[in-house]
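Any read-out appearing in this document is the output of simple, stated calculations on the displayed coordinates, not a laboratory observation. All values derive from a computational prediction rather than experimental measurement. In this analysis, Cβ positions are derived from the backbone assuming ideal geometry, glycine residues included, and neighbour counts consider all displayed protein chains.
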C-alpha cells in the first residue's frame with residue numbers, strides 16, 4: 001500500500017510528478033510520501049483497537065525529522081537505540097515518556113540522558129547492563145524504569161542478518177533465566193520494573209513466528225505480572241512489507257489479495273495476536289519501523305551510461321551502494337521502474353552504481369525497458385533502512401530528501417556538499 005503511481009505515463013508521489021522533483025533537486029534523490037506514512041500507522045493502530053497499546057515507531061528505519069514529526073503528530077511512541085535517536089525524537093516533537101530505549105551496548109552517558117529526559121522504559125539485555133543502569137540511577141538519585149528483553153529462542157525464518165530471537169543471536173536474555181533475573185532486579189534499589197520485552201527479527205511476512213513467540217511468552221508474562229506487577233509487554237517489531245508487488249494501486253483490494261496469499265497484513269496480525277494478548281490485561285507495546293516507512297519512500301537515480309559487453313547489458317546509474325546498501329548487504333530485492341513509462345521490448349539488465357565494488361549492484365538480470373543516458377529510474381520500497389544506512393564511501397555526498405504532502409513538497413534534508421565531507425578533518429603540521 002503506497003501512494004506512488006503512474007498518471008499519464010509519469011510516476012507521481014501523491015499529487016507531485018517525480019520528474020518535477022528531480023528537475024528541481026537533482027539526483028540521486030529520496031522521495032517520501034506523507035500520506036503513506038499516515039496510512040500505515042493508522043491501519044496498524046486501528047487493527048489493535050481492542051488492546052491497550054502503544055505503537056513505538058523504530059527510529060532506525062528512517063530517522064528524518066520530518067518523518068518523525070509526521071508520526072509524532074499521530075501521538076506515536078518511538079523505539080530508539082542511541083542517545084542521538086532520542087535527541088532526534090525530542091527535536092521532532094516526540095515525547096520521551098512514549099519512548100523505549102533498546103540495544104545491547106548502551107553507554108553510561110546514553111543511560112543518564114534517557115533517565116534525565118524521562119524515558120518510558122529502558123529495554124535491558126544483560127546482567128551487566130542492569131548493574132550499569134542501577135549505578136547510573138543511584139548517582140542521579142532516581143529509579144530507572146526497566147524492561148528485560150527476553151530471547152524466546154524462536155526462529156523467525158528471516159534473513160540471517162536480521163534474525164534476533166534465537167540463542168545464536170547477541171540479543172536478549174535466555175527464556176529459561178528470566179524469572180530468576182526478575183527476582184534479582186526486584187532487589188536492585190534503583191530499578192523500577194516496567195515490563196517485559198521480546199523481538200524475534202525483521203521483515204517477517206508470515207504471522208506464524210509471531211504467534212509461536214507470543215504463545216511461548218504468555219505463561220512467563222503472566223507469572224511475571226503476578227510476581228512483579230508488570231505494566232507492559234512489548235512484542236517487538238518485525239512486521240514485513242512486500243517488496244515485489246509490481247507497481248499497483250494502494251487500494252484495500254491489494255491488501256486483500258496479499259492476505260489471500262498468506263502474506264501478513266495488520267488485520268491478520270491483530271486477528272491472531274489480540275486473543276492471546278488481551279487476557280494479560282497489560283499495555284501492549286510494539287515497535288514497527290519498516291512496516292510504516294518502507295513503502296513510503298523511493299530512491300530516484302539518473303542513467304549515466306548503458307554498457308553492453310556481449311554477455312551483459314548494464315544500466316549504470318548515479319546512485320550507488322552508499323546511497324542504498326540493502327541489495328549489496330542483504331541481497332535485498334527492490335522493484336525498479338522508469339519514472340516515465342516506456343513501451344516496447346524489455347531487455348535483461350543489471351542496474352549498477354559507479355562505486356569500484358562488484359557488490360555495487362541493485363539488480364541482476366532484471367527485465368527492464370530499454371534505457372538511455374539521461375533517463376531516470378525509481379527504486380521502490382526505499383523508505384526504510386535506506387538513507388539511515390547511507391555513507392560517504394568514495395567521498396560521495398548523501399542525497400537530498402523530499403517529503404510530499406498532497407500536491408505540495410518540501411526539501412527535508414539538503415544534499416551534502418562535497419567540501420563539507422572533510423570539514424572536520426585536519427592535516428597535522430609536524431615540527
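Some observations on this one:
- Residue 187 paired with residue 392, simple spin-label distance in nm, labels 7 Å along Cα-to-beta-carbon: 5.1 nm
- Highest average packing first - 227-237, 388-398, Cβ atoms within 10 Å: 227-237, 388-398
- Extension gain for the segment residue 206 to residue 343, taken as residue separation times 0.36 nm less the Cα-Cα distance, is 45.8 nm to one decimal.
- Label zone at residue 314, where the point sits 7 Å out along the Cα-to-Cβ direction: region 360-390 residues whose backbone N lies under 11 Å: 360-361
- Put a dot 7 Å past the Cα of residue 358, heading toward its Cβ, do the same for residue 95, and the two dots end up 5.4 nm apart.
- Taking a point 7 Å from the Cα of residue 410 along the Cα-to-Cβ direction, the residues of region 27-70 with backbone N closer than 16 Å to it are 31-38, 63-70.
- Extended-chain gain in nm, criterion 0.36 nm per residue less alpha-carbon gap, residue 177 and residue 109: 21.7 nm
- Placing a label point 7 Å from the Cα of residue 274 along the Cα-to-Cβ direction, the residues of region 189-222 whose backbone N falls under 19 Å of that point are 207-208, 210-212, 214-215.
- Over the chain, relative contact order from alpha-carbon pairs under 8 Å, at least 6 apart, %: 20 percent
- Overall form of region 1-109 per C-alpha gyration tensor (a/c, 1.5; a/b vs b/c): oblate
- If R0 is taken as 60 Å, the Cβ-Cβ distance between residue 215 and residue 307 corresponds to a FRET efficiency of 0.65.
- Sorted on the mean count of surrounding Cβ atoms within 10 Å across their residues, most packed first, peptides 5-13, 101-109 read 101-109, 5-13.
- Calculated [222 nm] ellipticity per residue, helices only, for the chain: -8500 deg cm²/dmol; basis is -39500 (n - 2.57) per DSSP H run with n ≥ 4, divided by all residues, nearest 500.
- Of 375, 52, the sequence from fewest to most neighbouring Cβ atoms within 10 angstrom is 52, 375.
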